[in-house]
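None of the figures in this text is laboratory data; all of them are computed from the coordinates on show. All values reported here derive from a predicted model rather than from experimental measurement. Glycine also receives a Cβ, built like all others from the backbone with ideal geometry; neighbour counts cover every protein chain displayed.
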Amino acid sequence: MVDLARFKAIDDDDGHPTGDAVLGAVADVLGAVRGDRDLVVRWGGEEFLLIPPETIFDDAAGVGERGHHTIAGLGPRGLRSTATLGVAGFAESETAASPLRRADVAVHEGRDRTVDAPAMPLAREPPRGGRPRSAI
């Protein structure tokens, strides 16, 4: 998850065309750092998702860091916007909402950096019979 800092100020102070140019430039950066099978989508006003299927966590974190540094240098007419990236791992036992939630929390924990949120291990609670349940 990519969250642009100070985007609202750019959009409000310099106008929507400038804000649109910043969003377009960020989309171009994410398109350039993504792999052939990766998906880039605009998630909210100034948020994007880069979804790299079948990518190991460390590789995804590296792509996020490259994107972060490139975004930091962007800006039409000298305007700068920084980004915070939340990189979340995905375990087969999870729903799609779990890594999205972790990435969102990671984005709000940092500012102008990449924050890792690897896949969480399953909590294993013993059933009433005392034996651990198997993960499905």
Within the range 1-84, which trypsin sites (Lys or Arg not before Pro) sit in a loop by DSSP and count at most 14 neighbouring Cβ atoms inside 10 Å? ARG37, ARG80
Relative contact order in percent for the range 26-116 (Cα pairs under 8 Å, 6+ apart) equals 23 percent
Cα-based equivalent ellipsoid, the range 10-88: semi-axes from gyration tensor eigenvalues, Å: 24, 12, 10
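Could you give the length gained by full extension between GLU109 and ALA27, i.e. 0.36 nm per residue of separation minus their alpha carbon distance, to one decimal place?
Here the segment from GLU109 to ALA27 would lengthen by 27.2 nm.
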Within the under-15-Å Cβ sphere about HIS108, not counting HIS108, Lys/Arg +1 and Asp/Glu -1 give a net charge of -3
